[in-house]
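Written below as structure tokens is the structure these notes are about.
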Amino acid sequence: AQSVTQLDSQVPVFEEAPVELRCNYSSSVSVYLFWYVQYPNQGLQLLLKYLSGSTLVKGINGFEAEFNKSQTSFHLRKPSVHISDTAEYFCAVSVYNAGNMLTFGGGTRLMVKP
Amino acid sequence: DVKVTQSSRYLVKRTGEKVFLECVQDMDHENMFWYRQDPGLGLRLIYFSYDVKMKEKGDIPEGYSVSREKKERFSLILESASTNQTSMYLCASSLIPGQGKYEQYFGPGTRLTVT
């Protein structure tokens with residue numbers, strides 16, 4: 001079975017500062033990787049995904065993530081955050097041939113302060 | 001754009017009541033999922049369905065059942081609601097593997113309170 005660990009439950013950061021949200025996974029087989037964002041009182045929206053190819057993946061709203069197979073990590077980064085990035089972020093993995101089933105991490109609440 | 005809708009945004013029910021949560025998707029997706037979301041625990045899969053009348057248990061199926069009579073609609077049923085089922089419930093849908101898209105599309109969620 002696979003698991004996902006998001007190492008920080010909350011990340012406070014000032015506006016225009018860079019941010020990194022950490023995600024580590026464990027799986028005995030190859031995986032697809034995802035980051036979702038949840039704004040207050042809304043469902044989850046896909047930020048970006050890694051399926052194959054280049055390990056640096058760019059997503060919406062200026063976010064990017066890098067897949068590191070040796071460290072089994074998929075950290076999310078943004079060089080300069082805005083107040084509007086305040087939300088909860090979820091890392092998720094899907095195992096090949098598992099019917100698009102997702103295993104989620106516990107989430108990281110990003111709090112952007114003025 | 002894919003649209004996943006859920007019948008209620010907020011719901012308050014009493015202990016012991018039977019509760020129905022409805023989910024509808026408009027993109028002809030084969031797979032549909034029900035999750036519950038609790039602080040610090042992320043999303044946990046309750047049930048999923050890969051076709052009409054087909055269902056599979058997820059990680060936490062106890063106390064829940066599901067129904068999928070039409071491809072676009074997936075219902076979650078709490079047979080006898082209990083206070084520990086107070087949570088946010090999220091529905092999602094996706095294509096089957098091999099169609100090039102592996103992500104799930106989520107509805108806005110239903111916040112259920114059982115008193």
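The values are calculated or read from the model by the stated rules, or taken from the named source; none is laboratory data. All of these numbers come straight from a predicted model, not from anything done at the bench. Neighbour counts are summed over all protein chains in view; Cβ atoms, including those assigned to glycine, are modelled from backbone coordinates with ideal geometry. Ligands, DNA and RNA are excluded from the accessible area calculation, which covers all protein heavy atoms including side chains. Shrake-Rupley method; radii C 1.70, N 1.55, O 1.52, S 1.80 Å.
Size descriptors for the range A:19-114, from the alpha-carbon set: Rg then Dmax equal 13.1, 44 Å. In whole percents, the pair-distance distribution calculated for the protein assembly as shown from its alpha-carbon pairs, binned every 10 Å from zero, is 8, 33, 35, 20, 4, 0.
The 3J(HN,Hα) values that the Karplus relation (6.51, -1.76, 1.60; θ = phi - 60°) gives for the range B:61-70 are, in residue order, x, 4, x, 10, 9, 9, 9, 9, 8, 10 Hz. Gly and Pro appear as x.
Out of the total accessible area of the range A:3-113 (probe 1.4 Å, heavy atoms of protein only), what percent is carbon and sulfur? The nonpolar share, carbon plus sulfur, comes to 50 percent.
Other residues with beta-carbon under 10 Å from the beta-carbon of residue B:45 carry, at +1 per Lys or Arg and -1 per Asp or Glu, a net charge of +1. The residues of chain B expose on average 49 square angstrom of accessible surface per residue, using a 1.4 Å probe on protein heavy atoms. Between B and A, buried accessible area from a 1.4 angstrom probe totals roughly 1700 Å², ignoring ligands, DNA and RNA. Computed as a quarter of the hull surface, the mean projected area of the alpha carbon convex hull for chain B stands at 6.9 nm².
Charging the Cβ of each Asp and Glu at -1 and of each Lys and Arg at +1, and nothing else, the dipole of the range A:3-113 about its Cα centre rounds to 200 debye. Heavy-atom accessible surface of the range A:3-113, averaged per residue, reaches 45 Å², computed with a 1.4 Å probe. Net charge dipole, the protein assembly as shown: roughly 280 debye, given to the nearest 20, about the Cα centre with Cβ charges of +1 for Lys and Arg and -1 for Asp and Glu.
In order along the range A:104-113, the Karplus-derived 3J(HN,Hα) couplings, from 6.51 cos²θ - 1.76 cosθ + 1.60 at θ = phi - 60°, round to 9, x, x, x, 10, 8, 8, 10, 9, 9 Hz, and Gly and Pro are given as x.
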